[in-house]
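Let me begin by presenting the structure, written as structure tokens, before commenting on it.
The values are calculated or read from the model by the stated rules, or taken from the named source; none is laboratory data. Everything quoted here is computed from the prediction, not taken from an experiment. Positions of Cβ are generated from backbone atoms using ideal geometry, with glycine treated the same way; all protein chains shown enter the neighbour counts.
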Amino acid sequence: MNTPIRKALRAMPVAVNCYYGDPTLQWADTMAKLGRLAETSHTGPVAVITKGAIGPDRAHELAGLGLPGLVVMASISELPAGFEKVGHEHRYEALRNCREAGVKCFAAVRPLTPPYNTSEEVITRIFNRLQAVGCETACVSGFRGDESLVAAMKPDQQIQWTLRVKQMTGFDQVLRTAQENGVRLFTRVSCAVSSLVGAKGTYNPYWGSPQLVRCEATGCPMRGTCGPVEPGTVELDWLRQVGYDLEVETYPRQTCGYSADNRLNCKSCCTTCFVQRQPRVIVRNAETLGDLAFVRFVLGGTLSIKDGMIDEGSSDVGEVSILSRRTGRTLHAINTWWVWSRSLEKCFGCKYCVSSLYPKVSVGCAPADIEALLG
């Protein structure tokens, strides 16, 4: 494999055991996967996304891996027991333990689900507790679900939400409270991760929709350097050899005018935007959003699109279809991550869980091992 390809694969963003079954519930498997990433000299972001317990010993295990892009995301919600059966205190302690061990970490404050955890009292409690454990970064997002998922949750009250887009109310209050507690706020995971690992820009092309992402409002430290990524010739040629039909289009950089108030008027996802004529790569034979995400990751963040392709809730939306057929393995890439995950039969039983609605499959590999799978 050419050196640029090896470098590109090892720079891909990877999430370990992020499907059904928290990484802390299968710690040995999680550590084995992280160990393999370390063995292959992975340089890109590596996520451990959890509602579980990471005590001092586990935090030091993570630190000992020497993975430069390792980031722990502790999901913080303060939702009542009717939504989440697992408690809250240990999640804050996980952040404290990671920070003290030298492991990069941040709070994923989600899902903000009105009215259950969006009051001033709850928001203040969340950020006061983050400040108390030394957490300096948080990413905030709303709830994603349709009426059937809300009905399945059976909370005390049922509220209308939209399936396609995570809606969030009360952002100004959240931002103000975060700032008062010395917590830098982001609205997109890839932006928070990229900032923590010292990147100049995010590996997802949110530079095209700064108003929606609230780059200025949050004071994102990357807003002066974040922008379009020019695809490399070697990487493009390799993707074509894998089986992707690609066309590079060069346009002047544009800025999307959509905000949170009118976001639902646009069908396209920002990370695969086919509406604006931006610098981009068209993937003519993409079958899923997973194909587009994989191409984007290999190209280091280049906007990769197929006209009209959106998330319609299909169970195979994250499958990297063309690569999966070539390798004979089930390979997934979701919006922010290359997925290397084993699914369990049980998790924490959160009522709003979207993963529980999809087939419980085990997918992925270390990106550096794609070479061997291709033969």
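Tabulated data for the structure shown
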{"read-out": "Every residue from region 168-205 that is among the basic types (Lys, Arg) and in a loop (DSSP other than H, G, I, E, B)", "value": "Arg188, Lys200"}
{"read-out": "Yes/no for Ala38 being among the aliphatic types (A, V, I, L, M), buried (at least 20 other Cβ atoms within 10 Å of the Cβ), at pLDDT 95 or above and out of contact with any Pro (no Cβ under 7 Å at 6 or more places or on another chain)", "value": "no"}
{"read-out": "Hits in region 348-375 (condition: closer than 20 Å to His42 by Cα, outside any loop (DSSP other than H, G, I, E, B) and either in contact (Cβ under 8 Å) with a residue 12 or more places away in the chain or charged (D, E, K, R) (or both))", "value": "Val363, Pro367, Ala368, Asp369, Ile370, Glu371, Leu373, Leu374"}
{"read-out": "Out of Leu95, Leu67, sole residue that is under 23 Å from Arg188 (Cβ atoms) and in contact with a His (Cβ under 7 Å, 6 or more places away or on another chain)", "value": "Leu67"}
{"read-out": "Gly82 surrounded by fewer than 16 Cβ atoms within 10 Å (Cβ to Cβ) and either closer than 19 Å to Ala368 by Cα or hydrophobic (A, V, I, L, M, F, W, C) (or both)", "value": "no"}
{"read-out": "Region 266-305 - residue that is free of Cβ contacts under 8 Å to residues at least 40 places away in the same chain and in contact with a Phe, Trp or Tyr (Cβ under 7 Å, 6 or more places away or on another chain) and, of those, farthest from Arg326 (Cα to Cα)", "value": "Cys266"}
{"read-out": "Unmet criterion (only one of (1) under 18 Å from the mean Cα position of the chain (by Cα); (2) under 30 Å from Ala199 (Cα atoms); (3) surrounded by fewer than 17 Cβ atoms within 10 Å (Cβ to Cβ)) for Gly364", "value": "(3)"}
{"read-out": "Output for region 217-231, where each listed residue is in a loop (DSSP other than H, G, I, E, B) and in contact with a Ser or Thr (Cβ under 9 Å, 6 or more places away or on another chain)", "value": "Cys220, Pro221, Met222, Cys226, Pro228, Val229, Glu230, Pro231"}
{"read-out": "Residue satisfying all of: in region 1-30; in contact with a Pro (Cβ under 7 Å, 6 or more places away or on another chain) and among the polar types (S, T, N, Q); surrounded by the most Cβ atoms within 10 Å (Cβ to Cβ) among these", "value": "Asn17"}
{"read-out": "Residue match in region 108-124 (condition: in contact (Cβ under 8 Å) with a residue 60 or more places away in the chain, more than 21 Å from Cys350 (Cα to Cα) and among the hydrophobic types (A, V, I, L, M, F, W, C))", "value": "no"}
{"read-out": "Subset of region 206-216 (residues that are of a type in the set (Phe, Trp, Tyr) and either in contact with a helix residue (DSSP H, G or I) (Cβ under 7 Å, 6 or more places away or on another chain) or part of a loop (DSSP other than H, G, I, E, B) (or both))", "value": "Tyr206"}
{"read-out": "Region 48-61, subset aliphatic (A, V, I, L, M) and surrounded by fewer than 23 Cβ atoms within 10 Å (Cβ to Cβ), residue nearest to Leu112 (Cα to Cα)", "value": "Ile49"}
{"read-out": "Cβ pairs under 7 Å, 6+ apart, first in region 9-28 and within 19 Å of His90 (Cβ to Cβ), second part of a loop (DSSP other than H, G, I, E, B) and of a type in the set (Lys, Arg)", "value": "Asn17/Arg342; Gly21/Arg342; Asp22/Lys51; Gln26/Arg342"}
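Here is a yes/no grid of residues against (1) more than 18 Å from Ser304 (Cβ to Cβ); (2) of a type in the set (Gly, Ala, Ser); (3) surrounded by fewer than 20 Cβ atoms within 10 Å (Cβ to Cβ):
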residue	(1), (2), (3)
Gly170	yes, yes, yes
Val174	yes, no, no
Ala178	yes, yes, no
Leu185	yes, no, no
Ser194	no, yes, no
Val197	yes, no, yes
Gly201	no, yes, no
